[in-house]
Amino acid sequence: MHQKKKLAILIEVDSFIGDIYHHLSKTYEVLAIQPKTYKEIETAVEWADIVWFEFCNELFAHAINQNIRRLGKRVIARWHRFEIVESSFPTRINFGFIDDLILVSHDMLRVLRHRVPQLSQKTRTHVVWNGLNLEKFKPIPSLDKKKIVWAAKPFMRKNQPMFLQIMHALVKRDPSYTLHVAGEQEEFVMAPYLQRTTEKLGLARTFGILREQHPNMRKLLRCEPNAFGDRNAWFLRGGWCAVHAYFFAVINRTAKSAPTELSTEARSPFTRK
């Protein structure tokens, strides 16, 4: 029987890895951990044939710069936005020690090439967008598509001004469009901006914010009545848990020969039910 290659996924932020883990587990023996020490990285590297660094942090940067490729390992790194725009990692990483660098948009590739002009000569780059699992999130015929919900943390980089521009254009076409924002707002900058702008654009009746935090939010639910008092509004109750609840319950089951030296702290986020 053909023996699966061993893939170690070292994770800094686990928001985007769940479906990828399940897909790769069909082909590879996968170990996914959040290492807390460099020793745990060394243990995972020794076990694996392929090492995937998901996001970047100081431990990951140090490990990459130790050139684990010399050990015969294939090294993959996937960067999102923080590493490219808000950190010094692009100037501190030896990209020649990475076999494949995955970025989530062509715009991030453009920015990184600006910061690292010789990037293409040092490593292979790939753009793979963050996708949507259409088996999990299927269109619902009864859904009122004019009732829209925007769910995200209130970071300015989420581009909240854009949804106001979009709503302004939609309401011109049809006044029955509404937008509900799920999540606490930043009170000193974004909240006043949203209030002023919705008033100026005439969107006060089409715009609402849900600030309540719901415990144990696990899936896309239709609430009748829901927290917006609207029987036809759908919203994502707890975007983090929607992806992770199933992921946590099964991760590491594929890795039958996973190294036992890994600490409880490294394993627990991916094994709890």
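Does ARG70 qualify as being closer than 22 Å to VAL104 by Cβ and among the basic types (Lys, Arg)?
Considered against the rule, which asks whether it is closer than 22 Å to VAL104 by Cβ and among the basic types (Lys, Arg), ARG70 comes out as no.
Do we have any residue at all in segment 104-117 that's in the same structural domain as ASP19 (by TED's automatic domain parsing) and touching a strand residue (DSSP E or B) at 6+ places or on another chain (Cβ under 6 Å)? Full working, then the answer.
Taking segment 104-117 as the starting set, the residues that turn out to be in the same structural domain as ASP19 (by TED's automatic domain parsing) are 104-117.
Right, trim to touching a strand residue (DSSP E or B) at 6+ places or on another chain (Cβ under 6 Å) and you get 106, 109.
Looking through segment 104-117, at least one residue is in the same structural domain as ASP19 (by TED's automatic domain parsing) and touching a strand residue (DSSP E or B) at 6+ places or on another chain (Cβ under 6 Å).
Within segment 1-30, which residues are touching a helix residue (DSSP H, G or I) at 6+ places or on another chain (Cβ under 8 Å) and farther than 28 Å from LEU134 by Cβ?
LYS6, ALA8, LEU10
Do we find a residue being surrounded by fewer than 16 Cβ atoms within 10 Å (Cβ to Cβ) and modelled with pLDDT under 95 anywhere in segment 6-22? Lay out the reasoning, then the answer.
Taking segment 6-22 as the starting set, the residues that turn out to be surrounded by fewer than 16 Cβ atoms within 10 Å (Cβ to Cβ) are 13, 15.
Those still in the list that are modelled with pLDDT under 95 too: 13, 15.
Yes, segment 6-22 has at least one match.
Among the residues of segment 1-30, how many are in a strand (DSSP E or B) and more than 24 Å from LEU103 (Cβ to Cβ)? Steps first, answer last, please.
Going residue by residue through segment 1-30, those that are in a strand (DSSP E or B) are 6-11, 29-30.
Then drop every residue that is not more than 24 Å from LEU103 (Cβ to Cβ), which leaves 6, 29.
Number of matching residues: 2.
Taking the stated definitions as given, is LYS153 within 30 Å of PRO192 (Cα to Cα), outside the structural domain of TYR38 (by TED's automatic domain parsing), outside any helix (DSSP H, G or I) and not hydroxyl-bearing (Ser, Thr, Tyr)?
yes
Working only within segment 118-143, note down all residues that are out of contact with any strand residue (DSSP E or B) (no Cβ under 8 Å at 6 or more places or on another chain) and surrounded by 14 or more Cβ atoms within 10 Å (Cβ to Cβ).
Initially, segment 118-143 is screened for residues out of contact with any strand residue (DSSP E or B) (no Cβ under 8 Å at 6 or more places or on another chain), giving 118, 120-122, 129-136, 138-139, 141-142.
Passing the criteria: only LYS122.
So which residues in segment 49-90 are assigned to a helix (DSSP H, G or I) and either of a type in the set (Phe, Trp, Tyr) or not assigned by TED's automatic domain parsing to the domain that holds HIS126 (or both), if there are any at all?
PHE60, PHE82, PHE89, listed by residue number.
Is at least one residue of segment 62-78 under 16 Å from the mean Cα position of the chain (by Cα) and within 29 Å of ASN133 (Cβ to Cβ)?
Among the residues of segment 62-78, at least one is under 16 Å from the mean Cα position of the chain (by Cα) and within 29 Å of ASN133 (Cβ to Cβ), which makes the answer yes.
Out of curiosity, is PRO139 over 19 Å from the mean Cα position of the chain (by Cα) and part of a helix (DSSP H, G or I)?
Against the criterion (over 19 Å from the mean Cα position of the chain (by Cα) and part of a helix (DSSP H, G or I)), PRO139 does not qualify.
What are the residues in segment 91-131 that are out of contact with any His (no Cβ under 7 Å at 6 or more places or on another chain), among the β-branched types (Val, Ile, Thr) and not in a loop (DSSP other than H, G, I, E, B), if any?
Result: THR91, VAL111, THR125.
Can you tell me which residue within segment 62-83, out of those that are among the hydrophobic types (A, V, I, L, M, F, W, C) and within 19 Å of THR37 (Cβ to Cβ), is surrounded by the fewest Cβ atoms within 10 Å (Cβ to Cβ)?
If we filter segment 62-83 for residues that are among the hydrophobic types (A, V, I, L, M, F, W, C), which is where we start, we get 63-64, 68, 71, 75-77, 79, 82.
This time we only want the ones that are within 19 Å of THR37 (Cβ to Cβ), so: 63-64, 68, 71.
Details: ALA63: 22, ILE64: 23, ILE68: 20, LEU71: 12.
For segment 62-83, the residue satisfying everything is LEU71.
Quick check on segment 156-178: of everything there that is assigned to a loop (DSSP other than H, G, I, E, B) and exposed (fewer than 12 other Cβ atoms within 10 Å of the Cβ), which residue is nearest to the chain's Cα centre (by Cα)?
ASN159
The values are calculated or read from the model by the stated rules, or taken from the named source; none is laboratory data. Everything numeric here is computed off the predicted structure, so don't read it as measured data. Cβ: placed from backbone, ideal geometry, glycine included. Neighbour counts: every protein chain shown.
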